[in-house]
Amino acid sequence: MKTILLLNGAKEFGHSKGKLNLTLHNHAAKILSDLGFEILQTHIDQGYNAQEELEKFLKSDVIIYQMPAWWMGEPWIVKKYIDEVFTAGHGKLYANDGRSHENPAKNYGKGGLAKDKKYMFSLTWNAPIEAFDDKNEFFEGKGVDMVYWHLHKAHEFLGMKALETFICNDVIKNPQVEKYLSDYEVHLKRVFNKD
């Protein structure tokens, strides 16, 4: 049986109470459990131990990040989690930065040891999808994955491969919770029935 680690990166802050991300996190846990996966979970804002999280990473085949977008990226608690857990993973998630003393200009980012693992981002944004996909709008048609390029590269540094990103849009201006849940179920079943 494959194991999936679900990371809830929601945080109560300002007007956000984290309810939508918790709802999506719980929805994924049920769907993936029903598909036969073993589910591990961490609610980052409730606290964690970096060594225990590293063990969850090592045990998992896939890591799913459920998180809101704050100021064009992940909440600081998610970045802190990554910094602490990935650093704890030296020698287990990555050997080194991939370079050698003989040729220090080549192969940066090729020292990952987690080549058998995948990850996925499930995101909530108030921005409409057009803000990402329309070249005349805010993100110039570059798509949501370009906004998270740094996080994709952090996982690639470990040797991990990306699964297709899921995004909920207009979550404040025009929330469609039932549609988000339905779309997420379709996304998860499509992505994880391929695996």
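The values are calculated or read from the model by the stated rules, or taken from the named source; none is laboratory data. Just so we're clear, the structure is a prediction, and the values are computed from it rather than from any experiment. Cβ atoms come from the backbone with ideal geometry, glycine included; neighbour counts cover every protein chain shown. Accessible surface areas use protein heavy atoms only, side chains included; no ligands, DNA or RNA. Shrake-Rupley method; radii C 1.70, N 1.55, O 1.52, S 1.80 Å.
General observations
- Normalised contact order of the chain, rounded percent, pairs of Cα under 8 Å and 6 or more residues apart: 21
- Cα-Cα over 22 Å, subset of Lys2/Lys118; Lys56/Lys179; Lys92/Lys117; Lys59/Lys115; Lys79/Lys189; Lys2/Lys79: Lys56/Lys179; Lys79/Lys189; Lys2/Lys79
- Measuring how big segment 24-107 is from its alpha-carbon positions, Rg and Dmax come out at 16.0, 50 Å.
- Principal axes of segment 49-89: Cα extent on each, largest first, Å: 31, 19, 13
- Distance between modelled label sites at Asp133 and Ser33, nm, 7 Å Cα→Cβ extension: 3.3
- For segment 144-190, fraction of C-alpha pairs farther apart than 13 Å, in %: 65
- Under a 5 Å amide H cut-off, with hydrogens placed 1.01 Å from N, His43 pairs with Asn8 among residues at least 5 apart or on other chains.
- Amide hydrogen neighbours beyond the local backbone of Lys161, cut-off 5 Å, H modeled: Lys117, Lys118, Tyr119
- Solvent-accessible surface (1.4 angstrom probe) belonging to Lys106, in square angstrom, nearest 10: 120
- Highest-MSF residue in the chain out of Glu12, Glu164, Glu156 [GNM, Cα springs under 10 Å]: Glu12
- 25 °C / 0.890 mPa s Stokes-Einstein diffusion coefficient of segment 1-69, Kirkwood radius on C-alpha pairs, µm²/s: 197
- 3J(HN,Hα) along segment 36-44, derived from phi through the Karplus expression 6.51 cos²θ - 1.76 cosθ + 1.60 where θ = phi - 60°, amounts to x, 8, 7, 10, 10, 9, 9, 9, 3 Hz, with x in place of Gly and Pro.
- Shown in residue order for segment 137-152 are the 3J(HN,Hα) couplings computed by the Karplus curve 6.51 cos²θ - 1.76 cosθ + 1.60 at θ = phi - 60°: 9, 3, 8, 6, x, 7, x, 5, 5, 5, 5, 9, 3, 4, 6, 4 Hz (x for Gly and Pro).
- Those aspartates and glutamates that a straight Cα-Cα span of less than 18 Å connects to Lys135, excepting residues fewer than 8 apart in one chain: Asp145
- For Lys2, distant residues with modelled amide H under 5 Å away: Glu38
- Rounded to the nearest 10 Å², the accessible area of Tyr108 at probe 1.4 Å: 150
- The fraction of all Cα pairs in segment 41-195 landing in successive 5 Å bins from 0 to the largest distance is 2, 8, 15, 19, 19, 16, 11, 7, 3, 1, 0, 0, given as whole percents.
- Cα long-axis angle, helix 177-194 against the chain (0 to 90 degrees, to the nearest 10): 40
- Within a straight-line Cα-Cα reach of under 18 Å, Lys106 can be paired with the following lysines, leaving aside sequence neighbours fewer than 8 residues apart in one chain: Lys153.
- The label-point distance for Asp83 and Lys106, in a model that sets each label 7 Å from Cα toward Cβ, rounds to 3.4 nm.
- Whole-angstrom gap from segment 18-32 to segment 107-151, using each part's C-alpha centre: 21
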